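The values are calculated or read from the model by the stated rules, or taken from the named source; none is laboratory data. The structure presented is a predicted model; accordingly, all values stated were derived computationally and were not measured. Positions of Cβ are backbone-derived with ideal geometry, glycine not excepted, and every protein chain shown enters the neighbour counts. Accessible surface areas use protein heavy atoms only, side chains included; no ligands, DNA or RNA. Shrake-Rupley method; radii C 1.70, N 1.55, O 1.52, S 1.80 Å.
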Amino acid sequence: MPTTVIWVLVTIAVVAIAAYILIMIMRKGNENRIHKLEEEKEKLLDLPVQDEIDAVKKMHLVGQSQNIYREWNQKWIDLSSNSFADLEKHLFDAEELNSHFHFLNARTEIDACEKQLDLMKGDAENIRGAISELAAQEQRNSTKIQESLDLYEGLRNEISENAEAYGTTIGEIEKQLNNIEEEFTNFVTLNSTGDPIEAAEVLENAEEHTIALGNITKRIPEIVKVVEEEFPRKISELNEGYAKFEELEYKLPATLDFKQEINNIQDRMKSSTEFAERFELDRAESEIKLINDDINELYDIFESEYAASRLVEQNAGSIKSYIDHTRENNKNLLLEIDHVSQSYVLTGNEMGQVRAYQAQIEQATNDTDELLEDIAENTEANSVFSSRLKAIQGLLEEIEDNQLKINDSLSKLKVSEKDAQVKADAFDIELRTIKRYVEKLNLPGLPKEYLDLFYMATSRVESLFKELNKVRVNVDTLNHLLDISNEDMNVLEDATDKLTDDANLAEQLIQYSNRYKTTDGEVAKAFNRAVQVFDNEWDYGKAREDISTALEQAEPGAVDRISNFYFNNKEVPDYKGIRR
């Protein structure tokens, strides 16, 4: 047999064997999946769903709970009869297809069975959960009812034991308690006749209503206490105060109608009680706040009027004396101004001010007469009298303060004049001392700038003495001249210090540089120039500068050494400290 034929036969055999093996593998795989589905189906059938449904059925549910039970029971019937039968048929079809080597179709059928089984598992789980919830709801109701009843009984006992604290609201509170009790009765009926779902809703409402009523009843006693105890007590006090005022013949402000205010307050109290009875507690509390504000305002008025009456009684009798005292002060101040004006120029319009005070005092006198007459006739409330009295007192106090200020300023005129005289004498002494001091320097001449400063200061001081010698001295002018004279003397002192230092140092440096005149041409030139400026131009600062520059080049440090020695040994001029 040819070799080619042999290889063909071998190849066919190998392919056939491989195909067989593949077919067996596919068939076995499908069989395993079908077997697993059968096992899962049996597990699902073995679940105690029916037992759980039967247990809940024995609870004899009614109403909403019964409707829920019927819905889930029907779903289980559909699942256990129809869905299982349909799954069984598809599993059988998959087995048939697999046994006849329709592996791909069998696989498609198996995939569909797996999806269907997953859905059935989910449905079964949902059914069991819903049935379990029905049973659990009844148990929860049994547990919760005791807690809710305890809460309700505690609230009812609290209200019963403190019924008086709730005032006229007790009727509405009892009504709400009865409504809650009816809700509990309805719950018991529903729960015992087999409708735990609806019973739970009723119980939830009953508990919420109990808590809400508890919160309301916590706020009511304070409202009742304020309206029925505190406010009546305060109104009684106000009425007593009003009666006392009438007895003392005290008037209240014309804008206040006391009896109408009390009526308004009582109307508000009635409104707040009605709000509380309807459980509109926010409105009741808002009304109470307004009432409290009104009552406090009345208290403030009575206290203010009583304080005003005390003030009027204590001060009305002395106000005339105060006016007389102020008038006398004004008269004496006018005389003092007239006397002082003979010696001093008054620049503050003192006379005009005091005459204006006189007019104000006369007006205060007229106002006081009218006030005392009104007080005697009791025409207005004491608070009005008090305000008028305070206004008069305030005016008199202001006048008196101004009188004292003017009197103080007058008394200071003599002091200011004496002080100016002392300072002017000091200026004069200092000028003479400076003149003698400069003369002792034996300078060839004085710079014009220095002489101008000296003559200006002398002129200022002469003007100061001239003002002091006038018949009527102007103290403001004196003070002005003192200020500018003092400034001129400061400038003159500084200029004298500089003149002295420049002249003395220039002279010493010129003498010292003489040793270099024959050996250093620059020093010789500076020497001659400095001497020329010193002797003929009297510019001692420039002479000092010229010789210092040349000497420093010839002998570095010599200028500083000579200057330091000079300043360290310089005596304090005798014109220093005269004005200190």
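Selection within the range 270-281: residues that are part of a helix (DSSP H, G or I) and open to solvent by 30 Å² or more (accessible area, probe 1.4 Å). The member of this set that is nearest to residue 225 (Cα to Cα) is 273.
Being under 48 Å from the mean Cα position of the chain (by Cα) and modelled with pLDDT under 70 is a property that residue 158 lacks.
Just checking, does the range 258-265 include any residue being closer than 19 Å to residue 384 by Cα, out of contact with any strand residue (DSSP E or B) (no Cβ under 6 Å at 6 or more places or on another chain) and either assigned to a loop (DSSP other than H, G, I, E, B) or assigned by the TED database to the domain that holds residue 383 (or both)?
Yes, the range 258-265 contains a residue that is closer than 19 Å to residue 384 by Cα, out of contact with any strand residue (DSSP E or B) (no Cβ under 6 Å at 6 or more places or on another chain) and either assigned to a loop (DSSP other than H, G, I, E, B) or assigned by the TED database to the domain that holds residue 383 (or both).
Considering 359, 284, the condition of being open to solvent by less than 70 Å² (accessible area, probe 1.4 Å), among the aliphatic types (A, V, I, L, M) and farther than 30 Å from residue 410 by Cβ is satisfied by 284 alone.
When each of 300, 293, 267, 257 is tested for being open to solvent by 40 Å² or more (accessible area, probe 1.4 Å), farther than 23 Å from residue 381 by Cα and out of contact with any Lys or Arg (no Cβ under 8 Å at 6 or more places or on another chain), the lone residue that passes is 267.
Test residue 429 against the stated conditions and say whether it is assigned to a helix (DSSP H, G or I) and touching a helix residue (DSSP H, G or I) at 6+ places or on another chain (Cβ under 6 Å).
Here the answer is no, as residue 429 does not meet what is asked.
Pairs meeting the criteria (first residue in the range 209-226 and modelled with pLDDT of 85 or more, second residue open to solvent by 20 Å² or more (accessible area, probe 1.4 Å) and of a type in the set (D, E, K, R), beta carbons under 6 Å, at least 6 apart or on different chains) are lacking. Every condition in (1) open to solvent by less than 50 Å² (accessible area, probe 1.4 Å); (2) assigned to a helix (DSSP H, G or I) holds for residue 307 except the one numbered (1).
Once the range 528-543 is narrowed to residues that are touching a helix residue (DSSP H, G or I) at 6+ places or on another chain (Cβ under 7 Å) and at pLDDT 85 or above, the residue that is farthest from residue 450 (Cα to Cα) is 529. Checking residue 469 against (1) in contact with a Leu (Cβ under 7 Å, 6 or more places away or on another chain); (2) surrounded by fewer than 17 Cβ atoms within 10 Å (Cβ to Cβ); (3) over 27 Å from residue 444 (Cα atoms), which single condition isn't satisfied? Among (1) in contact with a Leu (Cβ under 7 Å, 6 or more places away or on another chain); (2) surrounded by fewer than 17 Cβ atoms within 10 Å (Cβ to Cβ); (3) over 27 Å from residue 444 (Cα atoms), the lone unmet condition for residue 469 is (1). Taken over the range 420-450, the criterion of being in contact (Cβ under 8 Å) with a residue 60 or more places away in the chain, open to solvent by 20 Å² or more (accessible area, probe 1.4 Å) and either under 20 Å from residue 466 (Cβ atoms) or among the hydroxyl-bearing types (Ser, Thr, Tyr) (or both) is satisfied by 423, 429, 437. Looking across the range 451-466 at every residue that is in contact with a helix residue (DSSP H, G or I) (Cβ under 9 Å, 6 or more places away or on another chain), of a type outside the set (S, T, N, Q) and within 30 Å of residue 533 (Cβ to Cβ), the one that is most open to solvent (accessible area, probe 1.4 Å) is identified as 456. Are any of the residues in the range 245-256 at pLDDT below 90, hydroxyl-bearing (Ser, Thr, Tyr) and either outside any loop (DSSP other than H, G, I, E, B) or over 30 Å from residue 179 (Cα atoms) (or both)? Yes, that holds for at least one residue.
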